[in-house]
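> I have a structure I would like to understand better, so I am pasting it below and will then ask my questions one at a time.
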Amino acid sequence: TTLFRSAGYWWNHAFEAIEKRAQEGDLDAMFEMGNYSPPPGNLDGTLRAYPQELAHSYLIKAAENGHVEAAAMLGHVGDLTARTEEEQREAWKWMNIAAGQGDAYSMVDLGRHYAVKHQGGTWFAFVPYSPSKAWELWDKAEALIGAEVGELLGDFYQTGTIPPRPKSVPAPPRPRPVPTELK
């Protein structure tokens with residue numbers, strides 16, 4: 001019991017410190033508050049908790065003020081959990097914001113939506129089928145994170161879902177290797 005009280009003290013202390021920084025406008029602290037939840041095993045009930053709506057509001061505030069990870073998280077979580085078109089459009093908005101700020105993973109996911117003809121299921125029906133946009137996004141992401149894009153699209157390659165590269169989207173130039181004698 002003493003161990004739980006000690007852990008509870010430090011958990012609450014950290015929570016209060018992060019919350020104070022978030023209230024002062026620290027975007028990273030807002031992002032952390034959006035991810036902060038009591039650890040499993042809150043046996044003695046001393047750990048501070050707060051409503052999910054508050055966590056979500058901190059994420060939104062951080063994203064609205066330019067925190068790329070917050071925007072990406074809102075987009076990706078929304079992409080996975082959206083049940084209504086309104087929720088899907090909200091997720092789409094945040095993924096676009098994150099991609100526009102250079103988040104390669106958001107670029108990959110946006111491309112996935114453009115690459116699939118909507119046939120129901122989880123894909124967003126309002127996103128037009130556009131292999132050109134998909135490949136442009138994947139090329140931008142590849143410039144940032146390299147071959148990891150291919151790994152992220154592995155399921156698309158395995159299922160044959162990936163559309164062929166349109167002729168209107170030329171392959172990006174690959175860097176030429178530097179001759180050994182110039183290194």
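The values are calculated or read from the model by the stated rules, or taken from the named source; none is laboratory data. Predicted, not measured: the structure shown is a model, and the values here were computed from it. With ideal geometry, Cβ positions are generated from the backbone for all residues, glycine too; neighbour counts draw on all protein chains shown. We work out accessible area using only protein heavy atoms, side chains counted, and drop any ligands, DNA or RNA first. Shrake-Rupley method; radii C 1.70, N 1.55, O 1.52, S 1.80 Å.
> Once label points are set 7 Å from the Cα along Cα→Cβ at both THR161 and LEU80, what is their separation, rounded to one decimal in nm?
Taking the simple label geometry, THR161 and LEU80 are separated by 1.5 nm.
> Straight-line reach from LYS133: which lysines fall under 21 Å, measuring Cα to Cα and dropping same-chain residues less than 8 apart?
LYS93, LYS117, LYS167
> At 7 Å along the Cα-to-beta-carbon direction for both PHE124 and LEU54, put a label point, then send me their distance in nm to one decimal.
3.0 nm
> Quote the accessible area belonging to ASP28 in square angstrom, nearest 10, computed with a 1.4 Å probe and with ligands, DNA and RNA left uncounted.
About 90 Å², rounded to the nearest 10.
> I've got another one for you. Counting only the heavy atoms of the protein chains, how much of SER57 is accessible to a 1.4 Å probe, in Å² to the nearest 10?
Approximately 50 Å² for this residue.
> Also, quick follow-up: From largest accessible area down, sort LEU80, LEU74; use a 1.4 Å probe on the protein chains.
Details: LEU80 145, LEU74 15 Å².
Largest accessible area first, the list is LEU80, LEU74.
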